[in-house]
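Presented below is the structure to which this report refers.
Just so it is clear, none of the values below were taken in a lab; they were calculated from the coordinates. Note that the coordinates shown come from a computational prediction; the quantities given were computed from them, not determined experimentally. Note that we place each Cβ from the backbone using ideal geometry, even for glycine, and neighbour counts take in every protein chain shown.
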Amino acid sequence: MTLQNLLKIGRLKPHAPTADEIRRLLAAAERNLADARADIISDETRFDAAYKAIMQLALIAMMASGYRPSTNEPGHHQTMIQSLPLTLGLPNTT
C-alpha cells in the first residue's frame with residue numbers, strides 16, 4: 001500500500017499544513033507525553049495521554065507528507081498508525 005493508494009480509496013485527503021498547525025500539534029503531544037509520565041494520575045489516564053500523543057505525532061508525520069486522514073468513516077486512527085512506515089520513509093521489511 002502507498003499513500004497514493006490510500007488517497008485513491010478515500011482513506012486520505014491532500015493537506016498542506018501550516019507551521020502554526022504543526023507547532024500546535026507538537027505542543028499538544030509534548031503536554032500529553034508529560035501527562036503520560038505523571039505517576040500521580042491513574043494508569044488509564046496516563047495510557048489515554050500516551051495514545052493521544054501517538055496520534056498527534058502520527059498526524060504530524062502524515063501532514064508533513066502532504067495528507068491528512070479522511071474522517072468520513074471509522075478507522076482513521078488505524079490508517080495513521082499503519083501508514084507511519086510510509087510517512088516516516090521507513091523501508092518495508094515484510
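Hey, can you tell me all the residues within the range 64-94 that are of a type in the set (Val, Ile, Thr), surrounded by 10 or more Cβ atoms within 10 Å (Cβ to Cβ) and more than 16 Å from LYS13 (Cβ to Cβ)? Give the steps one after another, and end with the answer.
Residues of the range 64-94 of a type in the set (Val, Ile, Thr): 71, 79, 81, 87, 93-94.
Now narrow it down to the ones that are surrounded by 10 or more Cβ atoms within 10 Å (Cβ to Cβ): 71, 79, 81, 87.
Within the range 64-94, just ILE81 meets the criteria.
Return the total of residues in the range 39-94 being among the charged types (D, E, K, R), closer than 21 Å to THR18 by Cα and touching an Asp or Glu at 6+ places or on another chain (Cβ under 9 Å). Step through it out loud before you land on a result.
Going through the range 39-94, the residues among the charged types (D, E, K, R) turn out to be 39, 43-44, 46, 48, 52, 68, 73.
From the residues that got through so far, the ones that are closer than 21 Å to THR18 by Cα too are 52, 68.
From the residues that got through so far, the ones that are touching an Asp or Glu at 6+ places or on another chain (Cβ under 9 Å) too are 52.
Total satisfying the criteria: 1.
Which one of these does ASP35 not meet: (1) surrounded by 14 or more Cβ atoms within 10 Å (Cβ to Cβ); (2) closer than 20 Å to MET1 by Cβ?
Failed condition: (2).
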